[in-house]
1. Report, ordered by chain and residue number, the aspartates and glutamates lying within cross-link reach of Lys20, taken as a straight Cα distance under 18 Å and ignoring same-chain residues fewer than 8 apart.
2. Over the chain, what is the relative contact order in whole percent, taking alpha-carbon pairs under 8 Å and six or more residues apart?
3. Set the Förster radius R0 to 22 Å, insert the Cβ-Cβ distance between Lys160 and Lys225 as r into 1/(1 + (r/R0)^6), and round the FRET efficiency to 0.05.
4. For region 85-145, which trypsin sites (Lys or Arg not before Pro) are in a loop by DSSP, counting at most 14 other Cβ atoms within 10 Å?
5. So which trypsin sites (Lys or Arg not before Pro) in region 25-99 end up in coil per DSSP with only 10 or fewer other C-beta atoms within 10 Å?
6. Which of the trypsin sites (Lys or Arg not before Pro) across region 230-259 are loop residues per DSSP, with 11 or fewer other Cβ within 10 Å?
7. Using a Förster distance of 41 Å, how high is the FRET efficiency between Gln246 and Ser89, based on the Cβ-Cβ distance and rounded to 0.05?
8. List the aspartates and glutamates whose Cα sits under 12 Å from the Cα of Lys245, skipping any in the same chain fewer than 8 residues away.
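No value in this document is a laboratory result; all are computed from the given coordinates. Keep in mind that this is a model prediction, so the values were computed, not measured. A quick note on method: Cβ atoms are made from the backbone with ideal geometry, for glycine too, and the neighbour counts reach across all protein chains shown.
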Amino acid sequence: MFMGDITSLNKKQKFRNAIKLHPEWNLTYAKDHTYWEGALNDGIDRGNQPYYCPVGWKRYALYVTDHFPEKFKGWCKCYHGTKFSYGLSILLCGLKPAEIAAHGKGIYVSPSINYVCHPRYSEIKHIETPEQKKVFKSGEYIQFVLECRVHPTNIKRIVKETLGASGTIIDSNINNDIIEWLIDDQNKDVVDFNDPDASIVCTGLMIRVTDNHPGLLPESDWWFKSHLCNTKRCCCLDIDFDELKQQKNKAHTCNIVYE
């Protein structure tokens, strides 16, 4: 049910109609699918920052514009974690500047998908309902993050992690001291992806489905050496933290589902 004036409703409907998928560019990032080691060197200009394989994730591409390679030549790839309840709003309206501005005012992203999938940034959801089971089949948990593009001139600062993980390795490809990017918010309350002058644009949804809690994945080991808590408004684990630690101590395992 919509509560508001007709002009606002028309604007929302216009945004909804503008969201289009681009399925021919959907990709699964894993061995035997789309995979590479080290920084990708395929001749495509993705700006002045390296692009590493987001192993374990499936990309659902969004249609952004015609002539995409020309329009976004030189734009860097990055990721932004979010909660499920915010995801549609972001796609419809755009990204807001961070409320907690540890490195200054702006939008926070990372070149590391392994960093932004920490439950402080990317909510974890248990797959429970019969309808969800029909879609995800053998999956038990799901996460998603936003794949974005940003022009290097809109990266205000490249800075260190802010999760108290200085004593561990978050991503073997990216040093902890350069794992966050602060993006120019253009002094706007929301950076609208539909704005041709937007400093950042969302180009895809990255989804990871697992057969157990993703905190048990080897690549998530660093979570337990960073800030992690039971407060839902802080870390969206969708499991009791003590229970997760018990499973980890008992060497429970987790696998990524590529259905």
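1. Output for Lys20: Asp66, Glu147, Asp192, Asp195.
2. Relative contact order comes out at 21 percent.
3. Computed FRET efficiency for Lys160 and Lys225 comes out at 0.90.
4. Answer by residue number: Lys105, Lys137.
5. Filter output for region 25-99: Lys31.
6. Within region 230-259, the qualifying trypsin sites (Lys or Arg not before Pro) (loop, at most 11 other Cβ atoms within 10 Å) are Lys232, Arg233, Lys250.
7. Efficiency for this residue pair is about 0.70.
8. Asp221
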